[in-house]
Structure formats: C-alpha cells, structure tokens
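Read through the structure below, which is laid out as structure tokens, and then see the notes.
The values are calculated or read from the model by the stated rules, or taken from the named source; none is laboratory data. What you are looking at is a predicted structure, and each value in this text was computed from that prediction instead of being measured. Please note: Cβ atoms are built from the backbone with ideal geometry, for glycine as well, and neighbour counts cover all protein chains shown. Side chains are part of the model used for accessible areas, which takes the heavy atoms of the whole protein and leaves out ligands, DNA and RNA. Shrake-Rupley method; radii C 1.70, N 1.55, O 1.52, S 1.80 Å.
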Amino acid sequence: MSADQFQAPDYFLLDDLLTEEHKLVRDACRDWVKREVSPIIEDAAQEAKFPDQLLSGLAEIGAFGPYIPEEYGGAGLDQISYGLIMQEIERGDSGIRSTASVQSSLVMYPIWKYGNEEQRNKYLPKLASGEMIGCFGLTEPNHGSNPGGMETKFKDMGDHYLLNGAKLWISNSPFADIAVVWAKNEEGRIHGLIVERGMEGFSTPETHHKWSLRASATGELIFDNVKVPKENLLPNKSGLGAPLGCLDSARYGIAWGVIGCAMDCYDTALRYAKERVQFGKPIAGFQLQQKKLAEMITEITKAQLLTWRLGVLRNENKATSAQISMAKRNNVEMALNIAREARQILGAMGITGDFSIMRHMMNLESVITYEGTHDIHLLITGMDITGIPAFQ
C-alpha cells in the first residue's frame, strides 16, 4: 500500500475553536494512525484478522478512557479531546475505533460512573494501560433495538450470583479479559455485572464470515450457570438508564469517529480526481466531479460544526440523549453517502484494497446499525420533539 498522504479538510477553520491541548492530542493520534494503522489495516481487513499488536499503541496515545480521571489511570481529558481521538482512529478504521470506543465508553465509563471505589481501583488502571481489555454485553439474539426485553438473568444464591443467558454482536469479546454484562435480577430490574474470563460456564465464541468490520473481533457472550461474586455487581445505578448512559458516551464517540471516515474518503477522492486524466484533463475539472466533491466538503463541515457544539455541551453537562442520537444518525449517514460518492469518483479502482474507500463503506454499514439503528435514532428525535413515543 502507498504511503498515507492524508490531509484533513478544515473548510471553516474549526482549528480556531480548538485549544492547543486539543490539537496536540489530535495530531499525536493522527501521526500514530499514519505510522501504525495505515500500513497494515488493508491486509488485516482482507484477512479478517484483528491486529492485536495495536492495543499497546492505543493505550499509549490515551485512547482507552481519555476522559477518565488521572487517579484511575486515565488522561483526564475533556469530551472534545475524546471526540478528536475517535475521529483520528476511525479515519484509520472503524473496527479499531470500535475497540477503543468499547473500552472507553462501554467498559471504563460504567465502572467509573456506576462502580464503587474498590471496583474503580481494581479495573480502571489496567483498562487504561491496555493490560486488561473489556467488552460490553447488552444486545441479545432476540433483543437488539429493545434491550429492555433482555432474557439474560441472574439469581441471588446467597454468597454469589448465578448468571444465565447470551449476548450477541459483542466487539472485543473473543479476547476480552472482562465483560460488563447487563442482566435482570429476580424482580426484573436491570443491573450491571463484571464477568471475568476464566469464570466457569463463561465462553466467548467468535463471529465469522463478516463483510463489515473485518479488522475487528466480534463474538458472543455465553453464560451457563456462571458464578459471579457479589462484589462484581455495579452498585450505583440500575435500570435500563444505566446501559443507555454508556451508549450515550459511545454514540457521541461515533458521531466524531465517522467524520474521520468521511474525511479520509473525501481526501482520497480529491487527490485522485486531480491526478486522474480523462479526455485530456484531470477529472477534477469536470462539473459532475466538482459537484460530488463540493457536496462532500459541505457535509463534512456541517458534521464538524455539529459535533464540536455537541462536545461543548458534553463538557458543560448539558447534552441530551436526543441531541447525541441526532448527531450519531446524521454523521453516519453523511459518512456513508460520502464513501459511496467517493467510490464513484475512483471508478473501478474504488473497489480495490489499494484505497481505503470500500473498506470504510463496508464498515459504515455496521456503524449505521450499531449503538442504535438509523431508524431508532430518528424515532428518538421524533419522540423528543413531539413528546409521543413511537416505539410501541
């Protein structure tokens, strides 16, 4: 594969809205992606193999729990820094961003927010350093968009809990050391449990034959009479709002991350259009190609402004779940449309592994569905503006 020549578009000078720390964090991450991810990611995707050699690097650039306080091993960064890190990693590949996003928002976040001090000190420093990798068990074979219908359950056996059930489409599960699992107690109340690899009856079979997120490890979580110590229950929040709070953080990261995909596709298409000569001139000189490129940079700029403002609101603890849903839905659709248009600019070359576009496009077909489907996010906005839920 040729050298990574990526140049980030900034049509409305959004860098002026960032602090020096934001730019340092972003640029360090961008350099790491160019150096470590770009040279190997096409082969990893072709081989459907997660490049686990990247885990230590993700930890070094602060991609695991960047907003977790320093006392627990995190970098103590703000929400815009977190978003920029996700943007740069997903510019490299959505699957690699998924690994970091799950570790940060779906494993470290609930332990930090819903766990006790003993749990925070036991798990967070090891998760931040990459010594320990986690996954998040919410989606089930029969319950995706309706997580409240989950069938995974646990019983109080006196000195431990007995956990039974299954989770599906779980990023990181094949190699995760721990899983934050959401299950119902005997009264039907949802709680979070930390399940550790090695517990008898706990298995994590890998999911194969994926056309999307091929460089990401996906699997199941199977619980067959798993004895979970009582101290592994997250004590400080229960109910469906607990896992949904984690999803807010993850969806926020996705809203930033997919801008990276879009920027990469746009940058690739722009460079190709300037170099590809047909009918005696670069195809960038033809009206239809300029229309595609002009619409791409317009949509990227709108998404950048949306996520920056959302980041400010997150920093001020003002962002709502509905606002996060809007940004996630808008930005993933934007990125997928740009990937498809960019592929057309490259013609037949756009489907090859010589360029990143087709890989981004396939990955985004998963991103548009996970952490809440495209349609569900539309209904979340609909409910927010009308006050009437359309889910039932």
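Per 0.36 nm of contour for each residue apart, how much would the distance between Ile388 and His208 grow if the chain were fully extended, relative to their Cα-Cα spacing?
60.8 nm
The label-point distance for Arg197 and Asp43, in a model that sets each label 7 Å from Cα toward Cβ, rounds to 2.4 nm. Each 10 Å bin, from zero up to the one with the longest distance, holds this percent of the alpha carbon pairs of segment 21-153: 12, 40, 32, 15, 1. Computed from the Kirkwood radius of its Cα pairs, the Stokes-Einstein diffusion coefficient for segment 260-364 at 20 °C and 1.002 mPa s stands at 146 µm²/s.
Split the accessible area of segment 292-357 by element, probe 1.4 Å, and carbon with sulfur accounts for 51%.
May I ask you to give the percent of accessible area on segment 98-186 that is carbon plus sulfur, with a probe radius of 1.4 Å? Numbers along the way, then the final one.
Values: 1520 of 3170 Å².
Whole-percent figure for carbon plus sulfur exposure: 48.
By the Cα gyration tensor, segment 92-213 has an equivalent ellipsoid whose semi-axes, rounded to whole angstrom, run 22, 19, 13 from largest to smallest.
For segment 306-392, what does the relative contact order come out to in percent, with C-alpha contacts under 8 Å and a separation of six or more?
Working: 59 pairs, mean separation 25.0, N = 87.
Averaging sequence separation for qualifying contacts and normalising by length gives 29 percent for segment 306-392.
Mean separation of Cα pairs under 8 Å and 6 or more residues apart, divided by the residue count, gives the chain a relative contact order of 18 percent. Where does helix 79-92 land angle-wise versus the long Cα axis of the chain, in degrees 0 to 90, nearest 10? Helix 79-92 and the main axis of the chain meet at about 60 degrees. Solvent exposure of the chain, expressed per residue, is 43 Å² of accessible area, with all protein chains present and a 1.4 angstrom probe.
For every helix of n ≥ 4 consecutive DSSP H residues, a contribution of -39,500 (n - 2.57) applies; sum these over the chain, divide by its total residues, and give [θ] at 222 nm rounded to the nearest 500 deg cm²/dmol.
On the way: 12 runs with 184 residues, N = 392.
Theoretical 222 nm ellipticity from helices: -15500 deg cm²/dmol.
Size estimate for segment 46-113 follows the Kirkwood approach: the inverse of mean 1/r over distinct Cα pairs works out to 12.2 Å. Between Asp10 and Met349, the FRET efficiency estimated from the beta carbon spacing at R0 = 30 angstrom works out to 0.65. Working from the Cα coordinates of the chain, the gyration tensor eigenvalues give, after taking √(5λ), semi-axes of 37, 21, 20 Å in decreasing order. Label 7 Å along Cα→Cβ of Asn315; segment 20-34 residues with amide nitrogen under 20 Å? Correct set: 20-30. Computed from label points 7 Å out along Cα-Cβ, the spacing between Glu231 and Arg271 is 5.2 nm. Using Cα atoms only, what is the angle between the long axis of helix 20-32 and the major principal axis of the chain, expressed in degrees (0 to 90) to the nearest 10? Tilt relative to the chain: about 80 degrees.
For segment 270-343, the relative contact order is 24 percent, taking Cα pairs closer than 8 Å that sit 6 or more residues apart in sequence and dividing their mean separation by the residue count. Principal-axis analysis of the Cα atoms of the chain puts helix 374-386 at an angle of about 80° to the longest axis.
I want the local charge near Trp32. Using Cβ-Cβ distances under 9 Å, sum +1 for each Lys or Arg and -1 for each Asp or Glu among the other residues. Value of the local net charge: -1.
What's the carbon and sulfur percent of segment 195-281's accessible surface, probe 1.4 angstrom, rounded to a whole number? Answer for segment 195-281: carbon and sulfur cover 50 percent of the accessible area.
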